[in-house]
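Peer 1: Could you have a look at this structure, given as structure tokens, before my questions?
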Amino acid sequence: MKILIIGAGQVGYFLCERLSLEGHEVTLIDRDSDHLQRTQDRLNVMGIVGNGASAESLEQAGIKDTEIFIAVTDMDEVNILACLLAREYGVPTRVARVKSIEYSGGGAVLSKEKLGIDLLINPDDAVAEEISKIACRSGAFDVAEFVEGQIQFIGYRIGESSPLCDLTLKELGEIRGIYRFVVTAISRGDKTIIPRGDDTIQAGDRIFIFAHQKDMPAIQYMLKLEEEQVSKKPRIFILGGGHIGLRIAEMLEKRRFDVRLVDRNENRCHKLSAKLNRTMVIHAEGTDIRTLIDEGVENADVFIAVTDNDETNILCSLLCKKHGARRALALVNNPELVNLAPTLGLDASVSPRLAAAGAILKYVRRGGVISLATVEGSNSEVLEIEVKQGSGIENKTLQDLHFPAGAIIGAIVRGTTYEIPSGESRLKEGDRVVIFALPGALAKVERFFE
């Protein structure tokens, strides 16, 4: 497909990288010639220096033949105006990133329908939801939900004391009669592999599993991870009272957690207190460890840092973990720091660019892709795909279908039932299939289900 992207920032670069790797014809517009040159040097895209909200620049980029238009600059107004121009040129699919609540909130005066935009993505809302899920799932560094929350995709770090340490996948399969789950991938260093029976889980690995929601308590028990929500009311500290911090606090309040929100700005603290019902708002610096200890950070189940500074988020999270917080999560924008953060001792680092890009990528997929999640650091994806009538794969066993190498089916949901698949499993029309795929297999997986 011919895809036109406006904005060469982190989200724009990430989308260019993914979509060009999949063979799409990608054109990128940005005002900054240095940004464009760096992107062109590294990726197979065409760059045009110009204003994405200018008809002249858009025509130069081939707007009349564009099938998908994606505006992801740092300015909401530019993104919206660019999409309005794309609508006038008859582009079928238009996507815009917006940060302002005026455009994306429930009571927005200008909704996506009124603006004629297919998808309005607010990265702050997307990342707040992802951090909330991780905070609620003990021991996890990555969480995604599929099939209306029935199927969980969860990443765990394997420590030296983990009961899975030094087990082969074959040995683990013998336990699976009791615990219904499948290890879909092992991330070791910079490498992500889809494991086979003789592969061994090692200390320091990050493993990704698929499991049904109702099986999660048993799996948590097997992994020796206490289910905090059962034993007590979790205490969660949030550093940063911006839009993301406020959204996380609101979500955790609904779960009746003991939430404490810390911010350095006194006026903002007063506003936060007026908006939140049960959250304790604390006026303090994130590095003021004495005040945080007085407020109970030593007994915190989770410390979440979501200020607008990556270094502050990482350092304050590590500081509070050193002083007793059980888990530390940080918002990290810089792609290089996202991969570094876990090696420093953070339990999870979450990137707004991935949250936004994952939602956008779903709009450019072929076939019956229902939902999608991206895996930081590996360029892998988790896709939920519906089996369509006439696809040629119905009622055949998986072992006879020659499923693409570099991908694995983690779960098959059929109506109200589900199964962790084996070679004998069969796909039927209407099934919802959840798949983990390495970058090189994505296009093959999509074609498989066409």
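The values are calculated or read from the model by the stated rules, or taken from the named source; none is laboratory data. Remember, predicted model here, so these are calculated numbers, not experimental data. Reconstructed Cβ throughout: ideal geometry from the backbone, glycine too, with neighbour counts over all protein chains shown. Keep in mind that these areas ignore ligands, DNA and RNA; they rest on the heavy atoms of the full protein, side chains included. Shrake-Rupley method; radii C 1.70, N 1.55, O 1.52, S 1.80 Å.
Peer 1: Return a yes/no flag: does the stretch 58-73 have any residue that is in contact with a Cys (Cβ under 7 Å, 6 or more places away or on another chain) and in a strand (DSSP E or B).
Peer 2: yes
Peer 1: Residues Asp301, Asp263, Asp308: which one is under 25 Å from Pro352 (Cα atoms) and touching a His at 6+ places or on another chain (Cβ under 8 Å)? Lay out the reasoning, then the answer.
Peer 2: Working: Asp301 fails: touching a His at 6+ places or on another chain (Cβ under 8 Å); Asp308 fails: touching a His at 6+ places or on another chain (Cβ under 8 Å).
Sole residue among the options that is under 25 Å from Pro352 (Cα atoms) and touching a His at 6+ places or on another chain (Cβ under 8 Å): Asp263.
Peer 1: Hey, Val95 hits all of (1) of a type outside the set (S, T, N, Q); (2) under 23 Å from Arg353 (Cβ atoms); (3) part of a loop (DSSP other than H, G, I, E, B) but one; which does it fall short on?
Peer 2: If we test Val95 against (1) of a type outside the set (S, T, N, Q); (2) under 23 Å from Arg353 (Cβ atoms); (3) part of a loop (DSSP other than H, G, I, E, B), just (3) comes out false.
Peer 1: List pairs: first in the stretch 418-433 and farther than 22 Å from Leu372 by Cβ and at pLDDT below 90, second of a type in the set (S, T, N, Q) and open to solvent by less than 40 Å² (accessible area, probe 1.4 Å), Cβ under 6 Å, 6+ apart or cross-chain?
Peer 2: Glu424/Thr397
Peer 1: Taking the stretch 252-281, which residues are under 23 Å from the mean Cα position of the chain (by Cα) and open to solvent by 40 Å² or more (accessible area, probe 1.4 Å)?
Peer 2: Correct list: Lys254, Arg255.
Peer 1: Within the stretch 6-19, can you find the residues that are within 23 Å of Gly440 (Cβ to Cβ) and open to solvent by less than 20 Å² (accessible area, probe 1.4 Å)?
Peer 2: Selection gives Val11, Gly12, Phe14, Leu15, Cys16, Arg18, Leu19.
Peer 1: Just for the stretch 314-335: of the residues that are in a helix (DSSP H, G or I) and open to solvent by less than 10 Å² (accessible area, probe 1.4 Å), which one is nearest to Leu346 (Cα to Cα)? Can you show your working first?
Peer 2: Initially, the stretch 314-335 is screened for residues in a helix (DSSP H, G or I), giving 314-322, 335.
Applying the additional criterion that residues be open to solvent by less than 10 Å² (accessible area, probe 1.4 Å) yields 316-317, 320.
On the way: Cys316: 11, Ser317: 7, Cys320: 11 Å.
Result: Ser317.
Peer 1: Just one of Thr66, Thr39 is polar (S, T, N, Q) and farther than 24 Å from Pro439 by Cα; which is it? Show your work before the answer.
Peer 2: Working: Thr39 fails: farther than 24 Å from Pro439 by Cα.
Step by step, each of Thr66, Thr39 is checked, and only Thr66 is polar (S, T, N, Q) and farther than 24 Å from Pro439 by Cα.
Peer 1: May I ask you to list pairs of residues, at least six apart or on different chains, whose Cβ atoms are under 7 Å apart, with the first in the stretch 270-295 being within 14 Å of Glu253 (Cβ to Cβ) and the second being in a loop (DSSP other than H, G, I, E, B)?
Peer 2: Going by the 7 Å Cβ cut-off, the qualifying pairs are Leu272/Gly241.
Peer 1: What strands (runs of 3 or more DSSP E) lie completely within the stretch 398-441 and have 2 or more residues being in contact with a strand residue (DSSP E or B) (Cβ under 9 Å, 6 or more places away or on another chain) and farther than 28 Å from Gly23 by Cα? Can you show your working first?
Peer 2: Numbers: elements: 407-414, 417-419, 432-437.
Once the strands (runs of 3 or more DSSP E) in the stretch 398-441 are filtered for at least 2 residues that are in contact with a strand residue (DSSP E or B) (Cβ under 9 Å, 6 or more places away or on another chain) and farther than 28 Å from Gly23 by Cα, what remains is 407-414, 417-419.
Peer 1: Being in a helix (DSSP H, G or I) and among the small types (Gly, Ala, Ser) is the filter; apply it to the stretch 112-168 and report the residue that is modelled with the lowest pLDDT. I'd like the intermediate steps shown before the answer.
Peer 2: Initially, the stretch 112-168 is screened for residues in a helix (DSSP H, G or I), giving 112-115, 123-136.
Cutting the leftovers down to among the small types (Gly, Ala, Ser) gives us 126, 128, 132, 135.
Numbers: Ala126: 83, Ala128: 91, Ser132: 92, Ala135: 89.
It comes out as Ala126.
Peer 1: Moving on. Please verify whether the stretch 374-389 includes one or more residues that are more than 25 Å from the chain's Cα centre (by Cα), within 23 Å of Tyr156 (Cβ to Cβ), touching a residue at least 12 places away in the same chain (Cβ under 8 Å) and not in a helix (DSSP H, G or I). Show your work before the answer.
Peer 2: The first filter runs over the stretch 374-389 and keeps only residues more than 25 Å from the chain's Cα centre (by Cα), leaving 388-389.
Checking the rest, the ones that are also within 23 Å of Tyr156 (Cβ to Cβ) come to none.
Within the stretch 374-389, not a single residue is more than 25 Å from the chain's Cα centre (by Cα), within 23 Å of Tyr156 (Cβ to Cβ), touching a residue at least 12 places away in the same chain (Cβ under 8 Å) and not in a helix (DSSP H, G or I).
Peer 1: Listed residues Ile248, Ile209, Ile219; which is part of a helix (DSSP H, G or I) and modelled with pLDDT under 95?
Peer 2: Numbers: Ile248 fails: modelled with pLDDT under 95; Ile209 fails: part of a helix (DSSP H, G or I).
Selected residue: Ile219, the only one of Ile248, Ile209, Ile219 that is part of a helix (DSSP H, G or I) and modelled with pLDDT under 95.
Peer 1: Next question. Restricting attention to the stretch 339-377, and to residues there that are hydroxyl-bearing (Ser, Thr, Tyr) and surrounded by fewer than 18 Cβ atoms within 10 Å (Cβ to Cβ), which single residue is modelled with the lowest pLDDT?
Peer 2: Narrowing the stretch 339-377 to residues hydroxyl-bearing (Ser, Thr, Tyr): 343, 349, 351, 363, 371, 374.
Imposing the further condition that a residue be surrounded by fewer than 18 Cβ atoms within 10 Å (Cβ to Cβ) reduces the set to 343, 363.
On the way: Thr343: 78, Tyr363: 67.
Result: Tyr363.
Peer 1: If we keep just the residues of the stretch 175-195 that are in a loop (DSSP other than H, G, I, E, B) and at pLDDT below 85, which is surrounded by the most Cβ atoms within 10 Å (Cβ to Cβ)?
Peer 2: Just the residues of the stretch 175-195 that are in a loop (DSSP other than H, G, I, E, B), to begin with: 176-180, 189-190, 194-195.
Imposing the further condition that a residue be at pLDDT below 85 reduces the set to 176-180, 189-190.
On the way: Arg176: 13, Gly177: 7, Ile178: 10, Tyr179: 15, Arg180: 17, Gly189: 8, Asp190: 8.
Going through the qualifying residues, I end up with Arg180.
Peer 1: Going residue by residue through the stretch 297-311, is there one that turns out to be outside any loop (DSSP other than H, G, I, E, B), more than 23 Å from the chain's Cα centre (by Cα) and surrounded by fewer than 19 Cβ atoms within 10 Å (Cβ to Cβ)? Walk me through how you get there before you give the answer.
Peer 2: Step one: filter the stretch 297-311 for residues outside any loop (DSSP other than H, G, I, E, B), giving 297-299, 302-305, 310-311.
Filter once more, so that each one left must be more than 23 Å from the chain's Cα centre (by Cα): 297-299.
With the extra rule that they be surrounded by fewer than 19 Cβ atoms within 10 Å (Cβ to Cβ), the set shrinks to 298-299.
Looking for residues that are outside any loop (DSSP other than H, G, I, E, B), more than 23 Å from the chain's Cα centre (by Cα) and surrounded by fewer than 19 Cβ atoms within 10 Å (Cβ to Cβ), one finds at least one in the stretch 297-311, hence yes.
Peer 1: Of these, Thr27, Thr39, which one is modelled with pLDDT of 95 or more, at negative phi, in contact with a strand residue (DSSP E or B) (Cβ under 7 Å, 6 or more places away or on another chain) and of a type outside the set (A, V, I, L, M, F, W, C)?
Peer 2: Sole residue among the options that is modelled with pLDDT of 95 or more, at negative phi, in contact with a strand residue (DSSP E or B) (Cβ under 7 Å, 6 or more places away or on another chain) and of a type outside the set (A, V, I, L, M, F, W, C): Thr27.
Peer 1: Can I ask one more? What residue, of Gly406, Gly415, is open to solvent by 20 Å² or more (accessible area, probe 1.4 Å) and modelled with pLDDT of 90 or more? Steps first, please.
Peer 2: Working: Gly415 fails: modelled with pLDDT of 90 or more.
On inspection, the qualifying residue turns out to be Gly406.
Peer 1: Here's something else I'd like to know. Residues Ala405, Ala437, Ala357: which one is touching a helix residue (DSSP H, G or I) at 6+ places or on another chain (Cβ under 7 Å), among the hydrophobic types (A, V, I, L, M, F, W, C), under 25 Å from Ile158 (Cα atoms) and touching a residue at least 24 places away in the same chain (Cβ under 8 Å)? Quick ask: steps written out before the conclusion?
Peer 2: Details: Ala405 fails: under 25 Å from Ile158 (Cα atoms); Ala357 fails: under 25 Å from Ile158 (Cα atoms).
Answer to the selection: Ala437.
Peer 1: Taking the stretch 390-400 on its own, how many of its residues are in contact (Cβ under 8 Å) with a residue 40 or more places away in the chain and either open to solvent by 60 Å² or more (accessible area, probe 1.4 Å) or of a type in the set (A, V, I, L, M, F, W, C) (or both)?
Peer 2: We begin by selecting, within the stretch 390-400, every residue in contact (Cβ under 8 Å) with a residue 40 or more places away in the chain; these are 391, 393.
Narrowing further to those that are either open to solvent by 60 Å² or more (accessible area, probe 1.4 Å) or of a type in the set (A, V, I, L, M, F, W, C) (or both): 393.
Residues in the stretch 390-400 being in contact (Cβ under 8 Å) with a residue 40 or more places away in the chain and either open to solvent by 60 Å² or more (accessible area, probe 1.4 Å) or of a type in the set (A, V, I, L, M, F, W, C) (or both): 1 in total.
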